[in-house]
Structure formats: structure tokens, C-alpha cells
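The next block holds one structure in the form of C-alpha cells; read it before the comments.
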Amino acid sequence: MLAAGEEGIVDSPGMGEFKVHRVRFFNYVPSGIRCVAYNDQSNRLAVSRTDGTVEIYNLSANYFQEKFFSGHESRATEALCWAKGQRLFSAGLNGEIIEYDLQALNIKYAMDAFGGPIWSMAASPSGSQLLVGCEDGSVKLFQVTPEKIQFERNFDRQKSRILSLSWHPSGTHVAAGSIDYISVFDVKSENWLMDSFGDETDFNLLGSAIHKMLVDRQYMGVSKRKCIIWGVAFLSDGTVISVDSAGKVQFWDSATGTLVKNHLIANADVQSIAVSDQEDSFVVGTAEGTVFHFQLVSVTSNSSEKQWVRTKPFQHHTHDVRAVAHSPTALISGGTDTHLVIRPLMEKVEVKNYDAALRKITFPHRRLVSCAKKRQLLLFQFAHHLELWRLGSTVATGKNGDTLPLSKDADHLLHLKAKVSKMPAFLRSALQILFSEDSTKLFVASNQGSLHVIRLLEGSFKHLHTFQPQSGERLLLTGHGREFSLTDVPFFPNETSVVGGTVESMCLLAVSPDGNWLAASGTSAGVHVYSVKHLKLHCTVPAYNFPVTALAIAPNTNNLVIAHSDQQVFEYSIPDKQYTEWSRTIQKQGFHHLWLQRDTPITHISFHPKRPMHILLHDAYMFCIIDKSLPLPNDKTLLYNPLPPTNESDVIRRRTAHAFKISKIYKPLLFMELLDERTLVAVERPLDDIIAQLPPPIKKKKFGT
Amino acid sequence: MVEEEKNLRVVRCGGSELNFRRAVFSADSKYIFCVSGDFIKVYSTATEECVHILQGHRQLVTGIQLNPNNHLQLYSCSFDGTIKLWDYIDGILIKTFIVGRKLHALFTLACAEDSVFVIINKEKPDIFQLVSLKLPRSSSQEIEAKELSFVLDYINQSPKCIAFGNEGQYVAAVRDFYLSVYFFKKKTTSRFTLSSSRNKKHAKNNFTCVACHPKEDCIATGHKDGKIRLWRNFDDEKKYTYTCLHWHHDLVMDLAFSVTGSSLLSGGRESVLVEWREATEKNKEFLPRLGAAIVHISVSPAGDLFCTSHSDNKIIIIHRNLEASAVIQGLVKDSNIFTGLMIDPRTKALVLNGKPGHLQFYSLQSDKQLYNLDIIQQEYINDYGLIQIELTKAAFGCYGSWLATVEQRQEKETELELQMKLWMYNKKTQGFVLNTKINMPHEDHITDLCFCNAEKSENPTLVTASRDGHFKVWILTDDSDIYRKAVGWTCDFVGSYHKYQATNCCFSEDGSLLAVSFEEIVTIWDSETWELKCTFCQRAGKIRHLCFGRLTCSKYLLGATENGILCCWNLLSCALEWSAKLSVRVMEPDPNSENVAAVSQSPVGSDLFVFKPSEPRPLYIQKNISREEVQWGVFVPRDVPESFTSEAYQWLNRSQFYFLTKSQSLLTFSTTSPEEKLTPTSKQLLAEESLPTTPFYFILGKHRQQQQDEKLNKALENELVQLPLTENIPAISELLQTPAHVLPSASFLCSMFVNSLLLSTKTESAEEVPDDADMEEEKESDDSDEENNFTEEVQDTNTTDLGEDIIHQLSKSEEKELRKLRKVDYSWIAAL
């Protein structure tokens, strides 16, 4: 049923030959993106997926996915918004409004809105109020208090579900998109305000007219189907922009309730809309996978009259674009095809640099694979379960580049479904766990910022120590085990919601092979190194501006290697409590510009057991061996040297050799690790396999086919 | 090109490209102008007729534009370095501005009153500049205009790549991969470049054309990959933005905005006019099946008409609601000419390959296509690399009552598809009707076919010669069955000669002999018995042309070979009469005389020799008639014989020789100067014909002439004082027939005009016919008193107030009459 692991031999540059387990049976399929919400105060982007997962991307830190809330089937989100500065709320079809704790990385609370499934949510421009649109046609206003949210009142109930909501920038009016009509109402008087088109009965007795803007149902000449208003946007000049299931983008005058302009842009639904803060451009996403950019341009250069014009279409998606966002410099879109696409607006980008490049984020910026080296086992982490596999083997030998036949296929050993069973409280809120090299100790990063050290015994365990965060500092989660024992591993944190305070959780753990040192890093603070032997904080690596993406401690030397999201790599000597000479050299000289332009973070660092000068690391598109003994490349040298041709003389090879040996054979690469000196395991996840598992896209006639 | 004193010159005789530049509409959409070689043609949009030919340029006309300050005038520019201003209604050249440089295109702007924009090239041949040219004001006919000011450099020479926008505030130019916009006020140029990388996606990003929105700051550009980009915000090089419209699958050939800017028109090789409403992708309308690739699109200033120029030399006028209303078709030059030039004996039209699969009948006199005959009768698929069925041979027989055509298609060496069709002229439908279709008449290519055109031959006979070594004789036989009476063609005789390929065939004038050439050998067959009479063999290479002499020279047979030998055999003595070394490309006998024209090819050019077979000395030689190779030639009988006395030109007396060069320009010989030749057929004022029936119209004499006879009796009885016929009054005809721009001021004219109308001098003369100027009165004719009063008043004013004035301006005869008038006794009025 699964693609068997292929095995081949690859000559890794300068390192001799490896036998490579090319694993393609990690059947990972990311969930489709349902909502995106951009916060311009912190320049962060919240993304929610159809399985309820919420991810936070730091756009200033190279679009690093720095936070992550795992989801649940029962918590599918339909709406996501930032309110009151940097508080994140989501609402979904289970009728609950959820606030996330961005420090502790768990759910702060969930509150039922009592209106049936929630389809839409919008925070007021001031951020102090939250409006949700429900299945039963009600619009509910919540007040955002410092700790929670509080129900304030209901607005007039509409006939059908409220699918989209938008506040007027002044906060006085709200537009609500429903099925076949858009309503605009006054927040203060609670009354619907709009001109009524046909429905006189909806006039409110209090004197304010209820106004609805009826949307043309016509869909490709057929008017049978209902027209669903997927999105509305209220501009400060009173214009309401709506997008609907008939493929239209329509401009309405909210004062008179009249249709001003109509753009038919797609043969399928237009599902999302986002307006820039300056209200000079907006972006819509369609079910055909196209994203259209609209701009407000002046009609002639010498007149002040302006008009909305559809400008560039972008086709970066194959499936429905369910959500779009408009940051000051980029258009962000995501949809069923699971990619998050960030398309910078060239006119807003000052210099042509790395920020001006199109980015397509498909895989999480975390490691989903762990490896037991001696037993040759791989553990795959899925959203709601774990799988354990044994690698296949071969007896054949071959030349460089040959593909070897398998003598024994890979085995699927275990499938563990996530469930909350009895477990100690500290484990229940664990964000990251890590075994020591000899499997005698377990390190747990809990959501309270504390790190637990546990000694494992036959069938039981003993809590050894807790490292508490010091004075507002915090520790936290995720690590990589040297070897896994097959106990219940709750990768899925917490149903509990506690934790107050401002303790930031730790996301990354690393333990030294001799078991003496434990390194932990959070999303923003520096890396803390604890002495396991003495059970105390040993030192803190100076804080750096960009979040840590991978950590590892080298055997023997106990050098801590840290990769940051801006592609910098540091080496820090734990015993000496300072950066190593090599690290200082490379910082002085700087990394190669191509190295800094890579757009996926390094997710895993490991070491060669026999060659202490080598550091192995990889991101989704390359695998690199840094040979510290060789000279560093400067901007003039070729960074990505192809596999050295065997016929070239050693002299040339030596002259062109530099510290970075990069192989791009395997991509997208989710995991790569050295099993032993001569064996590598590479876990690939070809994009075609993911696309094959997605629902079929809307069929479009292609010319010439 | 004037070669000799007596002005026998090679001239272009029409058939020029009508689609060389965008056609231009007059302001009222009544006329459409298009460049045609050295001329500008004025067509009526309603009737498709050519109203005027504006001639005066000495080289290719490269641009025309209406004068923005006087929409009754037209500017044109040409390679001859002049800009001419025309009054197109009268076909008069008003002014000539001499620039002295090759002008490639012309643009006018309403806001730039005294200047125009032209494209010139610098020293290097492919560097073109857009410059503004100041047209000096002067009353003289020829003015030098040298004041050039540079606008844009390195532009494309095609005027499609330049567009002026927003009332002339900026000009957009495209070339290769970039768009440049020059702002006249700011005097800055913005340049936007598209990615031109070699990868597949952007390989065809090249710009092909540009158009500017008439109201908004929006530039539309067409691209090689079929995309249309709409650029906005281009005054800011950073904030510019564009959107794409994509329907065309091949390059966008031209773009045009409607007058209001509400829709954008585009066209290309698909032969479909696309109208993008509101410039949105989803809202588009099509006018499909226009026949050939759309090369240019233009829009009338009134907004009610569009027109498209097509690659098959055709202009289609299209209504605003996308309905084609008129087609102006010139000589189609789209495809290869295989059939050669023929003359349809009935219409005297030139017949040759037209649209793919069609024969076109082209009238040389009116320079327009008469009609198309669809020979292949299959849908033409316009795509690269497709091997199409080609119409390769055609011949008229029996004075135009039969037409034989041969079509072939050869995909591979061994797969030849061959079809011969015989068409009969149907007098009822005035057209050719397919009579017989013969599949695979021969095993290999048909090299020649000819009808027996002898007067006495009772049965139509056709001979085909083929590379398969045979020639076949086809005759018309009775094909009647119980259902209908019919005739059909069947093969009567198959002849061959030692398995040589048959290359040419030819009947003698009286039809008694058939000559068939088999490679190097000419065989003579008796057409009665199909018996081989004799053979001629000169061993001078394969025979390329073969023809019998005519009239007094019918005893001679002429053959031209590939090796450059022209032989003349005497059929009576069966011996070679003479031979000459001449590399003959075209050999055409004149049907009305003994003359034969031969065109030979030399490295310098083509030379024409006219000779009689009986005399080895040519009648006439003209060297270097064309620099290119002459491919086909034909003698066209004259309707009215000329009478050249000079011996050298006598050959032109009864026929005219037309020839077609490799680049498909149709040329002929003319003795008259171009100004005399092709004079506009009607010098009449158009205004007279198209006047609506207003009171003014009644004043003009036409109407009265019509009613003359009816009213004659009655009017005579009444003996009324009548207005004179306007034809006879110089003042009126002068006023109405002089172009507006040369008339004196209206105040000056008014009195003269009124006076001339008031003159009732002619009433005295007995032959004067009454008219209906008093029609209204006549309707209620019982009240005759009023009429009389009226006429009296008229005469009073006439004689008293304006008398003095008139006298000075009247002709002598009128003065005489006026004097008589004064003496007339009006006392009878008092009696009433």
C-alpha cells in the first residue's frame, strides 16, 4: 500500500559513499488551509487548517512557523481573527469561540456562543468587540475583556446563516453576507440600516430601515442556485465589496444600497477577500485556485477620480483558495491544496532582495520524523496518530548512483492513535518530550515553561527534577530522541487549559549524547543549557533576533549547534560557555549569499560519529554537510557545487572545495539522519503524492486539450 | 521608371495592398480611406465603391490621418518624403509639405495644432525615431517642413507600435520586450520591461501592438503569445500595474479601443474579432469567420463602425453591434500563384489563385475583386505545418463556358492526391457550376492542361499532360440518364511518347494540331485521329514553354527550353526556322495578334521581348522591366483599341500586357503619365447626389428637371415668372462646386447668390420651362392671385434694391436680358 523505501548509493561530496535509505512511505498529507489572519502590529500571520490546527508565522523572521496549536476533529475552525492587540480568537462549526494562549501555546478557553455553528467572526477596528455570525442567522456581539470575552447582545436575526462579516473602519456599521443578500446595520442602534430591496417586511419598527442588498443569483446564465456571499469588506467611504458563489466581485454603495459595479471574474465561487489597510487594493481568491488583485487607480493622471481595476491574476494554487490576507507588502493566500503562498507586491518592496521572492510554504517548519538508529526504526508523527516503521534492507551492492533492489521490504510496525489516557499532569500539558541517548531519562517541556527530568525504570518512572523558568524566562518543547521506547507518547498536548502569567513555552530540546547537558529554546528567548548532572542552569546562549529552528549538541566536544530562521548557524561550546572559534570565523566572514537566500528553515542537525569536524543539517530542499576543516566559501565561489566529477583531478577538487557540501537530490526532504557511518536515511514526501490525495480540483478546459 | 522619351513605362496597375496600414474613417463615417500602393483610396462605407483615388505621391504611402482641425481634410505621408494634405471629398491635393526623409508613419493630434508626428529612420536602417514635425503655415502649394523635434528613439517602425493617449498627454511605444511611455508635459520617459528569459513560459512575451484608452490612463498592449495586457498607473515606474486578458492563441495583431473606451477590440490570426466589454476577461463578444487573419483594426470617430483589414487584402466594415456590413476586397495575394494569370473570356477579369482553395476573378479596370470561386470546397484549417490541398492548374475553354481546375495534395512522396474538376458556366446563375469531378486523372502531377479553342470545333476538348508520361484527351459526352439530361467529361485518348514525362501541351489556333512536349521532344498530333504526325527534337534541354503562332504565323510552333534556347519550328517544312539564345521565363502569345511576348531573366533584372514568330527580329525590347523575377504574364485584350503609330508600340494597340513579379506586384506598360491615367471617373460633386430633399434641394435644378415634362403644359399656361435653372447660372454652380476652402467669405457670396436666384431673366424666353419652385402654391393653384403678388414682390426687390449690384456681376447675355426686363410693362399688375 505504501511506496517502499528505495535504497540507493550516493556519493556525498567530499565524504565518500553512503548507502541511502530513500524513504517515501511517510504518508503525510497536510490539511487544507481554512483561514488566515494577519496581524500588522506583530507582523504575524495566523493560519488555521481544516483539522483545527492553528499555526503562527512570524513574517519578520523569514516567515518562520514559530508557534503551533494542534487541532482536533471536533474543533474545525471557520473563522480566525486577532483582537485587542495580539490576542487570537477562532470560532468554528462546534459553536465555540476559542482564545489561544500564545505564550503557553495552548487553548486559553472555549466559550459557546449558543447560536449553532459559527461561520464568521470579525473583531471591531478597535479590537474591543468581537462579532460572530451564526448558523441560525444571529449576529452576536461580544466584549473583549482582559481575561475573557463577554456576551453583550444579539443583533436582529436574519433568515439564513451569516457567512461573512465586516466592520466599517469607524466601527459604527457592520456588513454581513448571508445567502442571496448582504445586510448592513448600525452597531449602536442594532438596527439594520440598508435600503430594502423588495423585503418591506424587514423594516424595523424602531424607525431605522432594514436594508438588504439582494445579490443576483445568476450563475453562468442559470439562476436556480442560491448565491452565497462568501465574503464582504466594508471600506471607509461606505463601499461594501462582496464576493459570492456566482463568481462575482461586486461593489455596493452602503448609503443607498445600490450596486455600483460588478466584476465577473470566475466561473466558480469567489471564496475570500482581504483589503489592505490603506484601502487602495484588495485581493480575492477563487475556487479555481486563482487569486486576483484589485487596485484603486486614478482614471487619469491629472484627475482625482479613482476606480477599482482588476489587475494581476496569480495562479499559485490548484484548488480552492479558501482564505486570503493582505499584508502591507504581500498578498497571502491559502486553500485546499494546503500551500500557504506569500506573493510580495513588487511595488511595495523597496529593494529587490529575499523578501521580494514568492514563497510557498507546504511543510511544517518542525521535524515530524524521529529515528532509532540502532534498531533502524522510523517514527512518523501525523496530526492525530503516530506510525512506527522498520527500514528495509538490501544485500546488493552497486556503483555510485545505482538504485539497489530491496531484499526485505519496510515494515509498518505500529499505528498509535492519539487518545488522552491516564497520565501525570505534567505530561498532559507537555509540548515536547525527549529521551536521553541511553534511554534512561525522559525530558519533558511543559506548557508552563518548566522542564521536567524523569528517570525511566522498568514499567514505571520517577520524577527527578523540574527546571523552572527564571524570572519571566521560559523553557519549552519538542526534541529529538536518540532512541524511542514504545510507551504512550502524547504528542498531542493538553486538553487542560490553565496557565496564566507571561511564561513563554519552550519549543526545542536537545540533549548531549553523554546525557550531561540539556539545551532548550523558546520562540524568542535565547537557548538555555542545563546541566543534568547538577540539575541546574549551566548557561544561557546570548539571545538572537531570530527564532531557533533546530538545536543539537555534538558528541565529545559538547558543542551546541544552533540554526536560526534567518539561516544563520552558530556553534557554542557548552563547557567553555562561549562561541567556538569556527563560529566566530563564520560570523566574521558571513555566510554565502545563496545560503542566506534559502527559504526553508533548517529542521534537523546531527553529527557524524567518526568525524567530529562534520555537521550534518538539512532543510526541505537540501542536505548539507559542513566540514569545519575546509575553508569557508565567499560570495564568489560556487555554493552549490554539483557532485564532483570523478574524472577531475584532485587538485581542482581541492581548490574548489569549501566547507559546505550540499546535495539537492532529495526533495522535499522531511528528514535526513545518519544511521551509521556509511548509511543515511532520507525521508522524502513528493508533492505529487500529496496532490494525488487531495480532492480533485475544479475542472477547467485548457486550450489545446 | 520612365525609360524612353515616349514614356512607355512600367506601372503598377492596382492590386496593391489595401491592408498595409490601418484604414481611417471620415468623421461622419461615410467614407473610409486606405493606403494602396502610391495612392490613397476613398471608399464609401455604405456602397463599398471607390469614390476617389488620391494620387500624387511618388512612392508607397505609409500613413494617413484626418486633419484634426478640419475633418474634411486628410494628411498622408509617404516614402517619397512628403506629407500631403488632401480635400478628400473632391479628391484635391491642397498642400505638399516636403520633409525630405523617408517617412514611415504619421500621427496627428488635436492638441498639437500645427505639428504632426512621423516615424523616420536614422542612418542605420533599423533604428527608428518618433519625431514631431512642425508644419509651417503658408499659402503656397509646396512648403518645406524641416523643423523636427525628437520624441522617442529606438522604436518599432510599425505604426501599430505607437499610440497617443489621453488627448495627447503621453505617447506609448512598444518594441521587443519593453513599453516606453513618454509624457509630453513632464518630458519624461518611463520604460517597463517584460521578462524575456528563454524559458518556455516567457518565450513569447514580445509586444506586438499598443493602443491607448481614449478617456482613461490605460494602455493596452498585444503580445506574441496572444495575451493582451492593460497597463495602468504607468506614470509611476514603481507603482505601475497591469492585468492580462487572454483569449487569442496566436499573436495579437492589432488592438483598438472603441470611441468611448468601453470596449477593446482585438484580432489576430484566428480571424475572429474579439470585443472585450469593460475590458474584463469574462465579458467578451466575438465576430468569427472573417476569412483571414486580422491585420489592422480601426474605429470610426463617430463610433458607429469598426473596420478590420485582413491579410487577404480585404477590408471589412463592421457595425457597432458586430455585424459585418461591407467588404472591400482587393487582389488577394495571400498564397502562392500556381495557376498563373488568365483572362476570363466573359468578364475580361484577371483570374488567378485567390484565397486558399479559391480562384479569384479580379477586375483590372476597377481594381477590385469581382468574385471568388471556391474550387476545393473544403474548410480551410489555418495552422502551421499542415499540408493543404493546393489549386495548381486552371484553364478556360470554349469562350469561357468551361473551366478546368486541378488540385493536388502531397503529404509524402508516394501519396499524391489529385483531382480535376470541370466547371460549366451557367447563364442563369452567371457563375460556374461543377460539372465533372475526376479523381486521379493521372498517376502523377499534371504539368499542363489546355482546351481546344478552335471556333469550328463542335465538341469541347481538353488535354492534360502529366509527369506520368501520358497526355490524356478529355471530351464532353452525353451523360443523360432517365432522370435528367446531362453532359459529362470522359477520357477519349491517352497518348505517350517513349515513357518521357509530358511537360507541355498546346493546341494550334484552328484546333487541328496538338503539340505535346515530352521533356526535350516536341510531338505533333492530329486532333482528328490522334495520330502522331511528327516530332521535333533539338536536344537543347527540356521544353518549358510551348505555343503555336497565330493568325498569319500559325504555321510556326515556338518552344522555349530550360537551357535558354528559344526555338521556332516551321510546321509546313517540319524544320527549325530559327532559334535564339534567350532564357525565357514567361512566353505569352497575344490572342489578338501574331505577337508573342517573352520575358527573360538576367541577373540584373527581367527583360521583355516582343516578336512575331515569322521574324527572328523582335518588334520591341524593353530591358529591365523589373528587378525581380517575372513569374507570370498575360495579354489582356483592350476594350477600345489604342492607335500607336510608332512601330515599337503597335504591339500594345489591341492588347495590354500584364505581368506578376515574384513579390506579387502586378505591373503593366503604359504610355500615359500617371496623372492622366486612372482619372477619377466622376468629377461630379457628391453633394449633389446625396442631398436630402430640402427646400435648398428644390432650388438646385435636378428636381425640376425631373418634373419638367409633367409640369410643362401647366406651366406654360400659367406663364409665371420662374426661377432660372441653376445649371445655367454661373454664380450658383460656382458656389456649389467650388471646394469650401477656396471660397470667399459667406457675406461676400450671399448677396451674389441671392441675386442670382432672384433673377427671373429667363422667363422672357419662350423656351424656358417653368419649375416647381412655387410648388406649394401650385398645389393650391386655384388661388392664382397670390402667386402673382408674390412674383411681383420678387421683381420689385430685384429691380430696385439690388439692381446695381447685380449688373456688375452678370454676364453680358444676362445683362441684356436684364435690360429687356426693365422695359417690360408691369401695368397689368395694377389692373388686378
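Every number in this text was worked out from the coordinates using simple rules, so none of it is lab data. If you're wondering where the values come from, they're calculated on a predicted model, not measured in any experiment. Backbone-built Cβ (ideal geometry, glycine too); neighbour counts: all protein chains shown.
Qualifying trypsin sites (Lys or Arg not before Pro) in segment B:584-633, where qualification requires a DSSP coil assignment and no more than 16 other C-beta atoms within 10 Å, comprise B:Arg627.
Going from the residue with the fewest nearby Cβ atoms within 10 Å to the one with the most, B:Cys491, B:Cys506 rank B:Cys491, B:Cys506. Taking the centroid of alpha carbons for each part, segment A:537-592 and segment B:561-633 are 96 Å apart. In terms of surrounding Cβ atoms within a 10 Å radius of their Cβ, A:Ser160, B:Ser583, B:Ser600 rank from fewest to most as A:Ser160, B:Ser583, B:Ser600.
All other residues whose Cβ lies under 13 angstrom from that of A:Glu55 are scored, Lys and Arg at +1 and Asp and Glu at -1, for a net of +3. Separation of segment B:475-508 and segment A:665-705 by C-alpha centroid, Å? Each part's Cα centre sits 72 Å from the other's.
Relative to one another, the C-alpha centroids of segment B:253-297 and segment A:66-138 are positioned 50 Å apart. Backbone geometry of segment A:560-569 corresponds, through the Karplus equation with coefficients 6.51, -1.76 and 1.60 at θ = phi - 60°, to 3J(HN,Hα) couplings of 8, 9, 10, 10, 10, 6, 8, 6, 7, 10 Hz, x marking Gly and Pro.
For B:Cys212, what charge total do you get from the other residues with a beta carbon under 15 Å from its beta carbon, if Lys and Arg give +1 and Asp and Glu give -1? Taking every Cβ under 15 Å from that of B:Cys212, the sum is 0. Here's how it looks for B:Asp448: its modeled amide H is under 5 Å from those of B:Ala465, which are all 5 or more places away or on a different chain. Neighbour counts of other Cβ atoms within 10 Å put B:Cys452, B:Cys574, A:Cys35 in the fewest-to-most order B:Cys574, B:Cys452, A:Cys35.
Couplings for segment A:589-601, taken from phi via the Karplus curve 6.51 cos²θ - 1.76 cosθ + 1.60 with θ = phi - 60°, read 7, x, 7, 4, 5, 5, 5, 6, 8, 4, 10, 10, x Hz in order; Gly and Pro are left as x. Translational diffusion coefficient, Stokes-Einstein: compute it for segment A:277-361 using the Kirkwood radius over C-alpha pairs as Rh, at 4 °C and 1.567 mPa s, and state it as an integer in µm² s⁻¹. Using the Kirkwood radius from Cα pairs, D works out to 95 µm²/s.
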